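What follows draws every value from the coordinates through simple rules; no lab data is involved. Because the structure is predicted, anything quoted here is derived from the model rather than measured. We place every Cβ from the backbone using ideal geometry, glycine too, and count neighbours over all the protein chains shown.
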Amino acid sequence: MKKIIAPIILSTLLFSTFVLSNSNKEVTITEAAAPSNYYSSITSNMKGDTLKEALYNIIKNHDKQSYDGLEVAMKVTDRDYNLSPIGTDDDDPYMYLLYADYNGSKSTAQKWSKSQGSYGTTEQGKYVWNKEHIWAKSNGFDTKSLPAYSDLHHLRASDWKCNNTRSNYPFGNVSSHTTSNASYDWTGNRRTDNYLSNGVFEPRDSDKGDVARALFYMATRYYSGDGSGGTHLSLTNGTDSSGGKWGYLDTLLAWHEADPVDEFEAHRNDLIYEQ
């Protein structure tokens, strides 16, 4: 099932709830309907900064989460519910990881327990995934006390080696998809779908829309900062990806169109809404 949400930045505004336990055991998940008046202040003639500011005023002041506890949240939000339906693998579900072509099959997909938080070492093969700041934390919010640092709408469980390769580079199209430009995955093998060259990181095609919409959300949620000293974030078509600015907006828009919202992304957003 494909689920297209418009405008694009609204794809991160969510409509269900989950309750985390204190023991890393299975959580209670309750689907909920969208509040009927959630966007009542938005009118059809709004556009540009007027629309962005109006959306910002709706979604600002979310409940800040603990960054160190997000592995437990990702046990719910980044779980592969096709491989691990509720009632199966509840203590250690299969995960759907960013930058990973091994998702979707029990013969290759990886479990929640293979996280950096569980193993605490970067030794190759000891763990599979860690937490990726899609909007690099070094570009606007490099301290844990800021809400953006632990905002799950742009944090994804991801292949740790590809995450390390991406580092804090902006996203963009790599002109030459060669073996030398390809990233490694957690096993130490070359990947043929994530590339880094000339200062930009290009994720695999099925992750490009997810990345783009996470950045759209961030540029809206932190349009006017976060009320606690965080930098105002914005997207630009320029090459300057610093000081809260992030480049290649035209590329991100194209990625959004080419890789629309799918069931996993929509469901993940639903699970975050009332955390």
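Would you please put 127-138, 35-46 in order of how densely packed they are, using the mean number of other Cβ atoms within 10 angstrom per residue and starting with the highest? Show your work: numbers first, answer last.
Working: 127-138: 22.0, 35-46: 10.0.
Output ranking for 127-138, 35-46: 127-138, 35-46.
What share of the DSSP beta bridges in region 146-250 is antiparallel, in percent to the nearest 5?
Numbers: 5 of 9 bridges.
Counting DSSP beta bridges with both partners in region 146-250, the antiparallel share is about 55 percent.
If you count, for each residue, the other Cβ atoms within 10 Å and average over each peptide, how do 94-103, 203-212, 162-171 line up from highest to lowest? Write down the numbers at each step before the final one.
Values: 94-103: 23.2, 203-212: 21.3, 162-171: 19.5.
Packing proxy ranking, top to bottom: 94-103, 203-212, 162-171.
What order do you get for 80-88, 262-270 when each peptide is scored by the mean count of other beta carbon atoms within 10 Å, highest first?
On the way: 80-88: 14.7, 262-270: 18.8.
Highest to lowest by the protection proxy: 262-270, 80-88.
Take the alpha carbon atoms of region 35-109, find their center, do the same for region 219-275, and report the distance between the two centers in whole angstrom.
The two parts, judged by their Cα centres, are 13 Å apart.
Taking neighbour counts of Cβ atoms within 10 Å as a proxy for exposure, in what order, fewest first, do 146, 70 appear? Provide the component values of the computation, followed by the final result.
Details: 146 22, 70 19.
Fewest-to-most Cβ neighbours within 10 Å comes out as 70, 146.
Which pairs, out of 106/137; 47/208; 52/111; 111/137, put more than 29 Å between their alpha-carbon atoms? Intermediate values should be presented prior to the final figure.
Details: 106/137 33 Å; 47/208 25 Å; 52/111 38 Å; 111/137 26 Å.
The pairs that break the limit, which is 29 Å between Cα atoms, are 106/137; 52/111.
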